[in-house]
């Protein structure tokens, strides 16, 4: 795939009056890819989203640069766009590797149960197992080695990458993406200690994944004991995320790698979690809460707060604690000095007696 700078500018909706460059005919130069500022070649476009990268542009070999506003003194075509992130997504899609297209149809090695309802344009890959009474909507792709359990439903335009497992009685909405080796609907970790042994509590509920949810690789989402574990519309899960039984996650949340949310917790809409956040069971986190990486959340959190630390606290309070902690070595020295001073004063009083 290649486009001229002028063609790329039109695709991105860049302001034609701000492209600029003193080199004649530069707008007809072919662009064949996109790369970061430092590594971009002479036929590639790059992008700058912040001031710290502007200095590197002087030594960049890139043919053009995508920017949110013009950079004075830069003799290089500038594609000025309204939203740098939207433009970057578009240009990455334009120059994405051209892989073999997925073709509708059921691979002859796939095994289908009874009473399945699979739309005509669905693609079912090699060695897929689809159990009884499964429904799969139009234009969905089931990658090689996947397993879909009894009575589960998959909506339209979904994509399950290789070796995804969907257990029985689970429901996926439309435009859901699940990357390789993830599992939806596994039995939750719930036991009772009875007569000297841990006995598994049955988990008879299901999992509901709403529209436009994206789940990374190697994630595990447990089924509910009762009712359903729910992942709200537009929520995105990174790789290696664990969602326990009966968890309810709101809409448009972002949950990054290695987070774990314990059973029956509830997240509001627009919650953002950094990597390795842990959430204890049976708590509620309000809308718009942001939790920094490696935090441990052990109590309910009101809407709109920003937390970090373990146990996680509101950021101003945690900053005060961190500031005090840094002073601890000096404070210990001061306390020792004060103890010695008090001992000397007490000794002097004893001598007077």
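The values are calculated or read from the model by the stated rules, or taken from the named source; none is laboratory data. Please read these numbers as outputs of a predicted model, since none were measured by experiment. Cβ: placed from backbone, ideal geometry, glycine included. Neighbour counts: every protein chain shown.
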- Query: Can you pull out the residues in the range 219-248 that are in a loop (DSSP other than H, G, I, E, B), without any contact (Cβ under 8 Å) to a residue 40 or more places away in the chain and more than 13 Å from the chain's Cα centre (by Cα)?
  - Reply: 224, 225, 226, 227, 232, 247
- Task: Output yes when any residue across the range 124-132 is touching a residue at least 24 places away in the same chain (Cβ under 8 Å), under 21 Å from residue 212 (Cα atoms) and in the same structural domain as residue 209 (by TED's automatic domain parsing), and no when none is.
- Result: no
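Yes or no: residue 299 more than 19 Å from the chain's Cα centre (by Cα), part of a loop (DSSP other than H, G, I, E, B) and closer than 30 Å to residue 170 by Cα? First the steps, then the outcome.
Values: more than 19 Å from the chain's Cα centre (by Cα): yes; part of a loop (DSSP other than H, G, I, E, B): yes; closer than 30 Å to residue 170 by Cα: yes.
Spelling it out, residue 299 is indeed more than 19 Å from the chain's Cα centre (by Cα), part of a loop (DSSP other than H, G, I, E, B) and closer than 30 Å to residue 170 by Cα.
I want to confirm something. Restricting to the range 54-79 and keeping residues that are surrounded by 17 or more Cβ atoms within 10 Å (Cβ to Cβ) and within 28 Å of the chain's Cα centre (by Cα), which single residue is farthest from residue 15 (Cα to Cα)? Break it down into steps so the answer makes sense when it comes.
Kept after step one, since they are surrounded by 17 or more Cβ atoms within 10 Å (Cβ to Cβ), are these residues of the range 54-79: 57, 60, 62-67, 74, 76-79.
From the residues that got through so far, the ones that are within 28 Å of the chain's Cα centre (by Cα) too are 65-67.
Numbers: 65: 13, 66: 11, 67: 11 Å.
Per the criteria, the residue is 65.
Please go through the range 43-60 and pick out each residue that is outside any strand (DSSP E or B) and at pLDDT 90 or above.
Just the residues of the range 43-60 that are outside any strand (DSSP E or B), to begin with: 43, 48-60.
Selection gives 43 alone.
Select, from 145, 188, the only residue that is part of a loop (DSSP other than H, G, I, E, B) and in contact with a strand residue (DSSP E or B) (Cβ under 7 Å, 6 or more places away or on another chain).
When all the criteria are applied, what remains is 188.
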- Message: Need the failing condition index for residue 13 against (1) at pLDDT 85 or above; (2) out of contact with any helix residue (DSSP H, G or I) (no Cβ under 9 Å at 6 or more places or on another chain), just the number.
- Response: (2)
- Of the candidates 32, 39, the one satisfying the condition of being surrounded by 12 or more Cβ atoms within 10 Å (Cβ to Cβ) and either over 15 Å from residue 76 (Cα atoms) or not assigned by TED's automatic domain parsing to the domain that holds residue 81 (or both) is 32
- Query: Which residue pairs have Cβ atoms closer than 7 Å, lie 6 or more positions apart in sequence or on different chains, and pair a first residue in the range 314-328 that is within 16 Å of residue 296 (Cα to Cα) and assigned by TED's automatic domain parsing to the domain that holds residue 300 with a second residue that is at pLDDT below 80 and surrounded by 11 or more Cβ atoms within 10 Å (Cβ to Cβ)?
  - Reply: none
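Confirm whether residue 162 is within 20 Å of the chain's Cα centre (by Cα), surrounded by fewer than 18 Cβ atoms within 10 Å (Cβ to Cβ) and without any contact (Cβ under 8 Å) to a residue 60 or more places away in the chain.
Numbers: within 20 Å of the chain's Cα centre (by Cα): yes; surrounded by fewer than 18 Cβ atoms within 10 Å (Cβ to Cβ): yes; without any contact (Cβ under 8 Å) to a residue 60 or more places away in the chain: yes.
Yes: the conditions hold for residue 162.
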- Message: Take residue 80 and tell me if it is modelled with pLDDT of 90 or more, in contact with a strand residue (DSSP E or B) (Cβ under 9 Å, 6 or more places away or on another chain) and within 18 Å of residue 34 (Cβ to Cβ).
- Response: yes
